[in-house]
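Only one structure is covered here, and it is reproduced in the block below.
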């Protein structure tokens, strides 16, 4: 019973210290909230099925034939790109000047031989019918999207031209040439895969941003925790508690419980922002998965691991400045490596493998299992166990360090 009373007094002390360190604790709530709002709204159209964002591009048609005009009109209908036409006699220098001055990513030039190439005439085989100018800042994925769309329309135009040339023979054979022409509708149906059957939810930017920045902010608990821990150690408060037969484990547990509570509040607030605030600014509302238990498990696991890591850093560091610097740098590395700042699916293969070294990646995958993949407790169990194991190792190392230093 005495041990319980000592723990309660330790908890009371910790909550008083937390309430006095308002600035550090406020960062834990304001920083992720701002990131969630910015990233959810900035990436809204990137994840939307009906994106309103389009990439500016120029189009110059130097061919007077009907196939060239039909081709340009077809590419102007591409939803991901917004083509603006220049006069047909615009020089390459003028096109490049327009691209650089207006930060336009692409310029498509339909050359004079386009119609002859499409007609299959010998005179049109000298050079390629299209020229694509690309801004060096455009990534290779976006270039491939446009090149793929252009090649698709070219193939369709060639196919239809070939069918037209065979029109008389097909009619004589009793074949409807119209049925042989390329279908303008895409034959591909896109569906998203979820655990435990099909789900009606569509991935959105907010479902990517909320778990990412929630995990990041939970690991940032190192700032207020290290400040209070090192201050108490330097002032002799922890030694006085030890002289009152309060065990090191009780001190550690007393440190952990209040911050577990803070992380739980963080999770509730960030989820509420995704569900209520983001839609008020035109974003998509966050939709939770079907497993509250799984969500609670991954929140608790990330929180436990983050606080244990923060305690280890606080035990190793000699000053609050050291702890803040080490914690901030380590969190940024974990965040960059673990898919918080840059999604892992756009990383090179070796970077995707390295991402598994980051505990933030484990937590993020667990949240995505709940929010996006309709997972349950069993699905987040591997990530949760990995996080709990890491936390247990960090706590063990913390106790060993404190015992050797004999300052606590």
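The values are calculated or read from the model by the stated rules, or taken from the named source; none is laboratory data. Just so you know, these numbers come straight off a predicted model, no measurement behind them. Here the Cβ is made from the backbone with ideal geometry for all residues, glycine too, and neighbour counts use every protein chain on show.
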Check: Of the residues that make up the range 397-406, is at least one part of a helix (DSSP H, G or I), free of Cβ contacts under 8 Å to residues at least 60 places away in the same chain, in the same structural domain as residue 207 (by TED's automatic domain parsing) and crowded, with 18+ Cβ neighbours inside 10 Å?
Finding: no
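A quick yes/no check of all residues on (1) modelled with pLDDT under 65; (2) surrounded by 24 or more Cβ atoms within 10 Å (Cβ to Cβ):
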position	(1), (2)
201	yes, no
206	no, yes
216	no, no
221	no, yes
226	no, yes
236	no, no
246	yes, no
Item checked: Criterion (modelled with pLDDT under 80, under 35 Å from the mean Cα position of the chain (by Cα) and part of a helix (DSSP H, G or I)) met by exactly one of 49, 100, 7, 41 -> 41
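Out of 76, 112, which single residue is surrounded by fewer than 16 Cβ atoms within 10 Å (Cβ to Cβ) and over 30 Å from residue 347 (Cβ atoms)?
76
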Next item on the list: Look through the range 340-364, keep the residues that are under 13 Å from the mean Cα position of the chain (by Cα) and at pLDDT below 90, and return whichever of them is surrounded by the most Cβ atoms within 10 Å (Cβ to Cβ).
Entry: 340
Check: When you scan the range 320-331, how many residues do you find that are farther than 17 Å from residue 302 by Cβ and in contact with a helix residue (DSSP H, G or I) (Cβ under 9 Å, 6 or more places away or on another chain)?
Finding: 6
